[in-house]
1. When both residues are 6+ apart or on different chains and their Cβ atoms are under 6 Å apart, which pairs have a first residue that lies in the range 215-228 and is farther than 22 Å from GLY39 by Cα, and a second that is open to solvent by less than 70 Å² (accessible area, probe 1.4 Å) and assigned to a loop (DSSP other than H, G, I, E, B)?
2. If you check ALA206 against the conditions, is it under 14 Å from the mean Cα position of the chain (by Cα), surrounded by 14 or more Cβ atoms within 10 Å (Cβ to Cβ) and modelled with pLDDT of 95 or more?
3. Six or more apart or on different chains, Cβ under 7 Å: which pairs go from a residue in the range 181-204 that's of a type in the set (D, E, K, R) to one that's crowded, with 19+ Cβ neighbours inside 10 Å and modelled with pLDDT under 90? Could you list them?
4. All but one of (1) in contact with a His (Cβ under 9 Å, 6 or more places away or on another chain); (2) assigned to a strand (DSSP E or B); (3) surrounded by fewer than 19 Cβ atoms within 10 Å (Cβ to Cβ); (4) of a type outside the set (Asp, Glu) hold for PRO131, so report the exception by its number.
5. Which of the residues spanning the range 179-228 are over 30 Å from ASP28 (Cα atoms), in contact with a strand residue (DSSP E or B) (Cβ under 8 Å, 6 or more places away or on another chain) and outside any loop (DSSP other than H, G, I, E, B)?
6. Any residue in the range 134-154 that's in contact (Cβ under 8 Å) with a residue 24 or more places away in the chain and loosely packed, with under 11 Cβ neighbours inside 10 Å: show its pairings with residues that are among the basic types (Lys, Arg) and not in a strand (DSSP E or B) at Cβ separation under 9 Å, as long as the two are six or more apart or on different chains.
7. Specify which of the listed residues (ARG99, ARG146, ARG160) is over 17 Å from VAL43 (Cβ atoms), of a type in the set (Lys, Arg) and assigned to a loop (DSSP other than H, G, I, E, B).
8. Among the residues that make up the range 159-167, is at least one of them over 19 Å from PRO225 (Cβ atoms) and of a type in the set (Gly, Ala, Ser)?
Amino acid sequence: MPSPQPSELAALPYAPPPDRGPEIAYLDASLLLVNKPAGLLAVPGRGDGKDDCLLRRVQAIVADALLVHRLDLHTSGLLLLARGREVQRRLAGDFAARRVHKRYLAVVAGRPPADRGTIDLPLAADWPQRPRQKVDRLAGKRSLTRYLLLGHDPASNRSRLALFPETGRTHQLRVHLQALGHAIIGDRLYGDASSASAVDRLLLHADQLRFIHPASGRPLCIDSPAPF
């Protein structure tokens, strides 16, 4: 069965999860880390009915919270927010300089060729099939992902991977794993329809952030166990 076309996915109604208050993993006077559920926009989307998002839910409780980075709609896990413009500027600079270390957990189809490896494939927007991205060796921006095999289930022929993106391109992890031949389970945009229909969400979760606290100067490491 073929995968849904990007235009079909874009036409699906936005159905965010119920608002039971943000799940705050860490909070102090300078910043906070929040667990974004799958299916919730990080910021308001374009078009009617897309105002509900993680940022607005957090600001209802922490009024000075400002987003520092984003996660895809269908990806869950840790998001870092700054309290105030100055902290936001400093943390954004840390992201740009790759001083913030991110780890994701994913469940993928099959077993990768090695227990650990690096995917080094340039990515670019696939304009005729927006919002898809694609490997583009001529015009793409350099994109680098390291992976570590955590386990493989022969019965389902699925693997759990720890993913370490060295760059932050749109859909980077999803496209890189598809290009490796091991699409993330539940990926309706880059996986096959049978895989996507077998679960009710994309099995990709941002489970750790490590960085230097902008106020104290001390290392901070926050974990968020994957809900799958």
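The values are calculated or read from the model by the stated rules, or taken from the named source; none is laboratory data. Because the structure is predicted, anything quoted here is derived from the model rather than measured. Positions of Cβ are generated from backbone atoms using ideal geometry, with glycine treated the same way; all protein chains shown enter the neighbour counts. SASA here: full protein model, heavy atoms, side chains in, ligands and nucleic acids out. Shrake-Rupley method; radii C 1.70, N 1.55, O 1.52, S 1.80 Å.
1. Pairs that qualify, where the first residue is farther than 22 Å from GLY39 by Cα and the partner is open to solvent by less than 70 Å² (accessible area, probe 1.4 Å) and assigned to a loop (DSSP other than H, G, I, E, B), are ALA215/SER30; LEU220/HIS213.
2. Details: under 14 Å from the mean Cα position of the chain (by Cα): yes; surrounded by 14 or more Cβ atoms within 10 Å (Cβ to Cβ): yes; modelled with pLDDT of 95 or more: yes.
Against the criterion (under 14 Å from the mean Cα position of the chain (by Cα), surrounded by 14 or more Cβ atoms within 10 Å (Cβ to Cβ) and modelled with pLDDT of 95 or more), ALA206 qualifies.
3. Close Cβ pairs (under 7 Å, with a partner that is crowded, with 19+ Cβ neighbours inside 10 Å and modelled with pLDDT under 90) amount to ASP187/ALA196; ARG188/ALA196.
4. Single failed check for PRO131: (2).
5. Passing the criteria: ALA179, LEU180, ILE184, SER195.
6. Short answer, once both residue conditions are applied: none.
7. Numbers: ARG146 fails: assigned to a loop (DSSP other than H, G, I, E, B); ARG160 fails: assigned to a loop (DSSP other than H, G, I, E, B).
When all the criteria are applied, what remains is ARG99.
8. Start the filter on the range 159-167 by keeping residues that are over 19 Å from PRO225 (Cβ atoms), which leaves 165-167.
Pick out the ones that are also of a type in the set (Gly, Ala, Ser) and you get none.
For the range 159-167, residues over 19 Å from PRO225 (Cβ atoms) and of a type in the set (Gly, Ala, Ser): absent.
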